[in-house]
1. For residues in region 51-88 being touching a helix residue (DSSP H, G or I) at 6+ places or on another chain (Cβ under 6 Å) and assigned to a helix (DSSP H, G or I), which is nearest to residue 30 (Cα to Cα)?
2. Condition first: under 27 Å from residue 23 (Cβ atoms), outside any loop (DSSP other than H, G, I, E, B) and out of contact with any strand residue (DSSP E or B) (no Cβ under 8 Å at 6 or more places or on another chain). Now tell me which residues in region 181-215 satisfy that.
3. Conditions: (1) under 17 Å from the mean Cα position of the chain (by Cα); (2) buried (at least 18 other Cβ atoms within 10 Å of the Cβ). Residue 54 meets all but one. Number of the miss?
4. Residues of region 216-229 being part of a helix (DSSP H, G or I) and either in contact with a strand residue (DSSP E or B) (Cβ under 9 Å, 6 or more places away or on another chain) or farther than 25 Å from residue 177 by Cβ (or both), which ones?
5. List pairs: first in region 1-24 and free of Cβ contacts under 8 Å to residues at least 60 places away in the same chain, second part of a helix (DSSP H, G or I) and surrounded by fewer than 17 Cβ atoms within 10 Å (Cβ to Cβ), Cβ under 8 Å, 6+ apart or cross-chain?
6. Could you tell me whether any residue of region 15-30 is surrounded by fewer than 20 Cβ atoms within 10 Å (Cβ to Cβ) and in a loop (DSSP other than H, G, I, E, B)?
7. How many residues are in contact with a helix residue (DSSP H, G or I) (Cβ under 8 Å, 6 or more places away or on another chain) and part of a loop (DSSP other than H, G, I, E, B) if we restrict to region 167-180?
8. Report every pair of residues separated by at least 6 positions or lying on different chains whose Cβ atoms are under 7 Å apart, first residue within region 139-166 and on the phi > 0 side of the Ramachandran plot and outside any loop (DSSP other than H, G, I, E, B), second modelled with pLDDT of 95 or more and crowded, with 18+ Cβ neighbours inside 10 Å.
C-alpha cells in the first residue's frame, strides 16, 4: 500500500517568538512539495502564534493530558490544543517516558484523548542502548506498540514513530537493515492489534535524521517519514529532508 510520507519536526523545549521566522521557509517547501505531509510541533507557547503566522503549515503539540479537564496543574488537554489550532500531538516520546515516568498505559490514554478531539496522535516507541545491546530491542519496541496503541486505532488518526533512544540527538543512526527489521516488526504488530487498518498506518523513523541521511532512511521499506528533532529548528536543515521525502513520493 502506498502511504504518503510525513515529515514532522519536534522542536522540544527550544524556540521563542522570533524563532517562528524559520517556519516561512518550511511552509514554502511544504507548498512546493504537496505530495508530502509536513508538520512542526513547537513548544506549547508557540502553537497559537505559529498557526497564525503560517496557516498553510500543519502545527502540532508535543504532549497532551489524557483528561479533557481537571486539577492537573501545568498540563494541557487535547481540546485545549485543538482550540488553538493544533493538528497533531506527539505522545509517549522517550524523553517523557524517561523524565516524566510515563507508562505505556499513560501513552495509550493520551492517544485516545487525541482521537476524541480530532487530533492525529504520533505515538513514539523505542529502545535504549542497553536494551539493544542485550538483544531485547525488538521485544521492547513491539511490546510498547502493543501496550501503547488503542485497539480501535485507524490509519486516519494514528502515526507510529520509532525512535531508538540511543540515536536521538547523538548523531548515531542504526544500520538500514536494523531500521528495516524494526519497522517490519512494528508493521506486523500493528496487524495483530488493528488488523486491516495496519497497512495504512504510517511508521516514522526518528533519531538523528538529517539532510545527509534522509534519502536513504526514507527509502527503507515501511519507513513512511521522519520525526525530526534538531534539524527541524532550521529551515535550511529541515527543507532538504522534506525534499528527500518528496523525491520518493
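1. Here the residue is 53.
2. Result: 215, single match.
3. Looking at each condition in turn, residue 54 falls short on (1).
4. 217, 218
5. 17/49; 20/49; 20/53
6. Taking every residue of region 15-30 in turn, at least one turns out to be surrounded by fewer than 20 Cβ atoms within 10 Å (Cβ to Cβ) and in a loop (DSSP other than H, G, I, E, B).
7. 5
8. none
The values are calculated or read from the model by the stated rules, or taken from the named source; none is laboratory data. Keep in mind it's a predicted model, so treat the numbers as computed, not measured. Neighbour counts are summed over all protein chains in view; Cβ atoms, including those assigned to glycine, are modelled from backbone coordinates with ideal geometry.
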